[in-house]
Each structure stands twice: as C-alpha cells, then as structure tokens.
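Every read-out reported here was derived from the displayed coordinates using simple, explicitly stated rules and does not represent laboratory data. All values reported here derive from a predicted model rather than from experimental measurement. Reconstructed Cβ throughout: ideal geometry from the backbone, glycine too, with neighbour counts over all protein chains shown.
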Amino acid sequence: MNRTYRANLHGACYPASMREPYFSPAYMRLLYRSLRLAPDEASAFFEGTTTAAETLLSPTPQLPFAEQMQLCRNALNLRSDGLGIRLGRQLQLAAHGALGTAMQNADNLAAALTLFSEFLPTRASFFRLQFTEHDNGCMLTIDTPELTVDLRAFFTESILSTIQHCVEFFTQAAMQPQHLQLAYAAPAWAHRYTEAFGIEPTFDAGRTTLHLTLNARLCVQHERDKLLFESAHARCQQEISSRHTVDEASRLLRFLEDNPGKLWSLAEVAKAIGVSRRTAARRLAQSGTRFQAIRDSVLKEHAQRMLAVQSVSDTAATLGFSDESSFRRSYRRWFGTSPGAYRRTVERR
C-alpha cells in the first residue's frame, strides 16, 4: 500500500502577496555567518543588492526574494565547492524554527517527514516536497520549479541534508539510501556527494528522488515532548494560514490539479472560476506568474507520476495531448530529457 504526502499546492506554496516566493531570512543570516568572510570578501557577498550586513543581521530583515537569490549566487562565487553540503551539515533540525521543533517531537520518522512535506512552504515556498511510503520503504521527491539552474544544486543539497538529519535523528544511525537521483548535471564537487549522503548519486535524472529502505513508521521518537510538538505544530499551521490566499493563481492551480485529462486554455479555466480571461491574465501578471507556468507545473507533476506506472503513449493520452510527439516535445522542454529515458530509469529500479 502506498501513502503519499506533499506540500499543499492550493495556495500554501505562495506567500500572501503572491508577488514572489518566500524564503526565511534566517537562512540568509546563517549563510552569511557560515562563510566567515574576510573584510574584502564581504563586499563581494553583497554585490548587486541593496542589502547590507546591518540589515541582514537585524532581528526582522525585509529581504526581497530576488536579492536573497543574488546573495546565494554571490556566496557560491566565493565558496562554490560544495557550499550547499557544508551549510546543510550545520543546519540541524533546530535551525528550522517551529517546523524543526515539530519534526523533532513527532511520533515517528514518517510523521516527521510528512510534516516537512506539508509545512516546508513556511520556510521556503519554492520547494515542492513529496513523501511516499511503500511496502519496502519510502521515497522523497524534491521539485524546484521556481529556481534557476545555477541555484538548484545548492538548494537541493540543503534539503537533502535536512532529510538526512531527520532520518539520523530518528534512527540514531547514518542514513543509508537505496537510490539518490538528482535532476541536474553533476557539479564540479560531485565527488563529495557519496561522502555526504552515503551513496553515489545519479545525475541528470528526470526528478530528484531519494529512496530509503526502512519502515519510517517504526522509527519512533521515545522521548518526544508532546506539548512542545503541539505548540510548534500550531505555529506552523498559523504560518501556512497567514500565507494562504484564494486569488486567481491559486484558484487556477486548484482547478488544474482537480481536472486532469485536458490541456486547458486560460480562457476555459478563467470561465470555470468565474473571471474573464483578460482579468485572470492581468492578475497573474501582477502576481509575477503566467498561466503557462502554472499549467506546466501541474502537467510536469502528473507526467512523472503517470510515467512511473504506464507507457509514454498512455501518459500522453491521459494528460490530454493530441498526440505522443507533442507530449515528448513538452517533456523534453520541462526536463531536458525524453519520457522514454525516464521510463527506462523507473523500470531499472
């Protein structure tokens, strides 16, 4: 029997303003401090932004998402060799605020990873994490559709490290993955992955997936603090609620999620949710997104899930493509590889 848990895509992955993704400024402070920059390097860290050290280290810094990403790029230019892995080692569960506290005090590993999947948007809204339990273990799938290619390895390494800390916290043993597949090209520091995560990964995969051969429900936390868990869990729920908004982007996304099997146009979906096409397009633009991007994100997710259990031609038809070749072109545009290659990867597992 399979059980799947993933971040709520019906609004929770978007901050209240819907104008940009959310990323907790706490991580930027931790990144800055971990770099231990010399005075001449500090200016390079803030290059291309309006942020200064005083702002970053203040109690409640207001950092635009674009500037946060530029700071990450600057950090990679200064310390490119496995920076995400090194930073991830420092980010124990306690570094993730209320979410980390709730995970530490969950009933078992499965509950902790479910929490991570559900409430990750309270820390970083541009990740989509899916946790699936199988009879012979469990799998975590990581998607980063809103990240540019140059930042995917860095952020994926940090998420994998958090998963690793969680697994090792509950098992009291080193994480021993069965498979690790990464949806990006091997970086120059690829040799560090085996030491960091306990397995040699496969790069250029269709999706980033981590397979563990353990029963996550049997990895129990015997010393959990139930009251602390309830308090932290309530804070996570409040943070999700504060960012949840029923606007055009989330309503469009909800409709596409709930009505697969057809390549819907903006006009059709706008009519279904009760607004004009022009109004929907204008409000999406104001939110910094496009209908095509939203539709692609849904189709990509459905495609990967369907290809795991059925043929390329059946998947194309199920998704509503007019022919298989159209689906193949779209799939290559999304993932840089063919659906057939992904099918062969799945069959070899």
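Laid out as a table, the results:
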item	result
GNM flexibility winner over the chain from S325, S297, S117 (Cα, springs under 10 Å)	S325
Dipole of the range 109-190, positive direction: furthest Cα of C138, A174, L151, with charges on the beta-carbon	L151
Within a Gaussian network of the chain (alpha carbon springs, distance under 10 Å), most fluctuating of D143, D40, D225	D40
Hz values of 3J(HN,Hα) by residue in the range 298-303 - Karplus curve (6.51, -1.76, 1.60), Gly and Pro given as x	6, 4, 4, 5, 4, 4
The chain shape via C-alpha gyration tensor axes, a/c threshold 1.5	rounded
Sequence-distant residues sharing a close amide H with A186 (under 5 Å, placed H)	D204
For F126, residues with placed amide H under 5 Å, excluding near neighbours	Y22
For the range 274-348 versus the range 60-90, the gap between their alpha-carbon centres in whole angstrom	30
The range 217-349 shape via C-alpha gyration tensor axes, a/c threshold 1.5	oblate
Calculated from backbone phi, Karplus (6.51, -1.76, 1.60) coupling profile of the range 210-215 in Hz, x at Gly/Pro	10, 9, 10, 9, 8, 8
3J(HN,Hα) from dihedral phi, the range 163-168, Karplus parametrisation 6.51/-1.76/1.60, rounded to Hz, x for glycine, proline	4, 4, 4, 5, 4, 6
Modelled label reach - N136, point 7 Å along Cα→Cβ, the range 307-349 residues with backbone N closer than 17 Å	308-309, 344-349
Interchain or long-range residues, amide H under 5 Å from Q178's placed H	H211, L212, T213
DSSP beta bridge pairing in the chain, given as percent antiparallel to the nearest 5	95
